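The values are calculated or read from the model by the stated rules, or taken from the named source; none is laboratory data. Source: prediction; values computed, not measured. Cβ: placed from backbone, ideal geometry, glycine included. Neighbour counts: every protein chain shown. Note: areas computed on protein heavy atoms with side chains; ligands, DNA, RNA excluded. Shrake-Rupley method; radii C 1.70, N 1.55, O 1.52, S 1.80 Å.
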Amino acid sequence: MPFPKGFLWGGATAANQYEGGYLSGGKGLAVADTLTGGDGIHGIPRKFIVEMPDGSRKEIFGSHAEVPGGAKAIVDPDTYYPSHVATDFYHHWKEDIALFAEMGMKCFRLSINWTRIYPNGDDETPNEEGIQFYINIFKECQKYGIEPLVTIYHFDCPLHLANEYDGMVSRHTVDAFTRYARTCFERFKGLVHYWLTINEININTNFMMNGVHDHISNQQNAEQARWNLFICSARAVVIGHEVDPTNKIGLMIAQMGSYPYSCNPEDVMAEVEGARDLKWLYGDVQCRGYYPSYKVKQLERDGIVIKKEEGDDEVLKEGVVDFYSFSYYNSFPMACKETLDREVGNMTDGNQMRGLKNPYLKASEWGWPIDPTGLRITLNQIWDRYQLPMIIVENGLGALDTVEEDGSINDDYRIDYMRTHIKAMKQAIEIDGVDLFGYTPWGHIDLVSAGTGEMRKRYGFIYVNMDDDGNGDLSRSKKKSFYYMKKVYESNGEDIE
Ligand code: BG6
């Protein structure tokens, strides 16, 4: 039997894309609440509406776009924001958790909404109604034997901290996060055993995720925010262990697969450097507890001096993680400048970034390359580098679904995607011997896309009746993939055909 007993089969969500109830129960505004929807297939990006220091208004396009210093993102009453209702877990949590149990889920990944606990991010006391909301959810999970896997921070920087403090650039935000993390560990003690500190920490130093202004033009800001994020994560690990030594606390990285574009040594070296910047740095710091030599050298070359506070280096060492978690959707070839200049027209989309097309791979409707073998390679690379237990906390296919006249949704394309990726996991365990303890596919119930703000880019095995303009009664129904996943989960991965 390749999958170990107790393997955490599950599904994954994030509050800002799933929960809705954006001002209910005392919740405050997060940056995510100020991002509109876009149209990924036609290349129309999401946008922020901001107020500039001179009082004028400006639209800023692109979820990773640079927001200029002093600009404050706002909620415009005449604009539609998909996260405000999202797919309304806030009012459907009981029904949803019952469906998760029916699908055979053993684990439910969700994130706590920082602004539901601390509405401004930095309040002195937490919002009890917000805390109770999550306690109810965890108890409901317990009822069904579902283990919650909680992300403390998933793309929902409090708007107040973004607008007034430049988000994660500021130590004020780090301290506010520390208080927030402590509250989560203390108040959810005994109900939650598995935690992730910061979602996709490797693509996080921008306004959307962390309230960082000028993140492209001001490298000092970006590097400071990166350091501060590492401090947040490490402090959370230390506090989490102190509050309950049985807590298992992991990092979370957007683990894009990467290959050298060719055997030209220059392309190979470009991949070594590119992959370090993109992903390995984040594992190296959070698994080993210090900045690796290649990063120290780069900062020296670029003349960046990070502002550290007393105790930072020690906390980074102490706050190394218990396990390695990651999202995996696609891979990209990496290349040297000469190759890139030649192939410039040969780009495609992928999770949180664009990259060169790989001629050996097919792609999703959103252009994301589909590469199950890349998942096996990735599992091996992480295992070889860190020898830590791993869990895949996001993976899946964003696709257009059609509801037939009889209400059925025959998403065979999604089933194929799942089957090939689960097979790759199976091989990595059975043949390569990696230590993988769980799998929570992304958006197992339909939710709002982070990259494009669309509803029609669906990942779910459970359909939610809601469209890109906010029309729909939010009713839930089971897609064909629901039954496929149920079979896989109930057979502990034995039956994947
Ligand atoms: C990851 C994020 O980047 O990918 C999720 O952690 C996100 O929040 C997921 O939703 C899929 O990306 P997208 O853009 O298709 O929603």
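See the values below:
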{"quantity": "Cα centroid separation, the range 221-240 to the range 416-495 (Å)", "calculated": "30"}
{"quantity": "Rg over Rh [alpha-carbon atoms, Kirkwood Rh] for the chain", "calculated": "0.93"}
{"quantity": "Low-density loop cleavage sites - GluC sites (Glu not before Pro) in the range 382-448, where at most 16 other Cβ are within 10 Å (DSSP)", "calculated": "404, 405"}
{"quantity": "Mean separation of Cα contacts under 8 Å (6+ apart) over length of the range 281-321, as relative contact order %", "calculated": "56"}
{"quantity": "For the chain: relative contact order, % (alpha-carbon pairs under 8 angstrom, 6 or more apart)", "calculated": "18"}
{"quantity": "Cα-based shape type of the range 284-379, given that a ≥ b ≥ c are square roots of the gyration tensor eigenvalues and the cut on a/c is 1.5", "calculated": "oblate"}
{"quantity": "Gain upon complete extension [residue 432, residue 84; 0.36 nm per residue less C-alpha separation]", "calculated": "120.9 nm"}
{"quantity": "Rounded to 5, percent antiparallel among DSSP beta bridges of the chain", "calculated": "35"}
{"quantity": "Portion, in percent, of the accessible area of the chain that falls on carbon or sulfur, probe 1.4 Å", "calculated": "51"}
{"quantity": "Inter-probe distance in nm under a simple model that places probes 7 Å from Cα toward Cβ, at residue 175 and residue 413", "calculated": "5.1"}
{"quantity": "Beta bridges by DSSP in the range 328-442, antiparallel share as percent, to the nearest 5", "calculated": "60"}
{"quantity": "Residue 306 paired with residue 346, simple spin-label distance in nm, labels 7 Å along Cα-to-beta-carbon", "calculated": "3.6"}
{"quantity": "Extension gain from residue 403 to residue 24, taking 0.36 nm per residue of separation minus the Cα-Cα distance", "calculated": "133.3 nm"}
{"quantity": "Probe 1.4 Å, protein heavy atoms only - accessible area per residue of the range 401-497 in square angstrom", "calculated": "38"}
{"quantity": "Extension gain, residue 124 back to residue 242 (0.36 nm per residue minus Cα-Cα distance, nm)", "calculated": "40.3 nm"}
{"quantity": "Helical mean residue ellipticity (222 nm; -39500 (n - 2.57) per DSSP H run of 4+; nearest 500) of the chain", "calculated": "-11000 deg cm²/dmol"}
{"quantity": "Calculated FRET value between residue 473 and residue 64, using beta carbons and R₀ = 35 Å, to 0.05", "calculated": "0.60"}
{"quantity": "10 Å beta-carbon shell around residue 270, net charge (K/R +1, D/E -1)", "calculated": "-4"}
{"quantity": "Cβ-based net charge around residue 162, under 12 Å, with every Lys or Arg adding one and every Asp or Glu removing one", "calculated": "-4"}
